[in-house]
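Novice: Handing you this structure, nothing more for now.
Derivation of every value follows stated rules applied to the coordinates shown; laboratory data play no part. Please read these numbers as outputs of a predicted model, since none were measured by experiment. Heads up, the Cβs are rebuilt from the backbone with ideal geometry, glycines too, and the neighbour counts pull from every protein chain shown.
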Amino acid sequence: MKMKMVDCARLDSKSIGQRIRNQRDFLKLSKDDLAQKIGITPAFLTDIESGTKGFSLKSLDRFCTALKMSADVILYGPKEYMGTKYSALLELLERCPVEKEKYAEKILTIYLLSHDPIDEEID
């Protein structure tokens, strides 16, 4: 059985660590809390976040669960969307915990409907 090799040239440890740190901060998790969820020491998490050390696939899976992020986003960053106009908004929505997705959708819908220019044009 021939195994497919991963293009490690696209993986940037510092960027991966920064994305982990940004999401940890976004979720208001301390280093100790996240390290405990992943099953690593806080010192090792510091090394991961600074990009000086890597981690196993098992840890990647645990990061995905704890940080509510896909492996793809952790490793390669947010997807490129058609244009950049909505990329910041879409990145926030990707980070949204599953149990809060419906609330985020309702809030955005209510906001957009309350600012609908079509309603203002009707006499």
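Novice: Only sites in a loop by DSSP and with at most 15 other Cβ atoms within 10 Å count here; which GluC sites (Glu not before Pro) in the stretch 24-97 make the cut?
Specialist: Hits after loop and neighbour filter: 80.
Novice: Hey, another quick one. Got a sec to turn the phi values of the stretch 26-31 into Karplus ³J(HN,Hα) couplings, 6.51 cos²θ - 1.76 cosθ + 1.60 with θ = phi - 60°, whole Hz, x for Gly and Pro?
Specialist: With coefficients 6.51, -1.76 and 1.60, one gets 4, 7, 6, 9, 6, 4 Hz.
Novice: Using the structure shown, list the pairs from 31/100; 28/58; 53/102; 53/106; 53/100; 28/53 with a Cα-Cα distance above 31 Å, or answer none.
Specialist: 53/102; 53/106; 53/100
Novice: Mind checking the stretch 18-114 for chymotrypsin sites (Phe, Trp or Tyr not before Pro) that DSSP puts in a loop (not H, G, I, E or B) and that have at most 16 other Cβ atoms within 10 Å?
Specialist: 81, 86
Novice: Testing the spin-label approximation: label points 7 Å from Cα along Cα→Cβ at residue 94 and residue 70. State their distance in nm.
Specialist: 0.8
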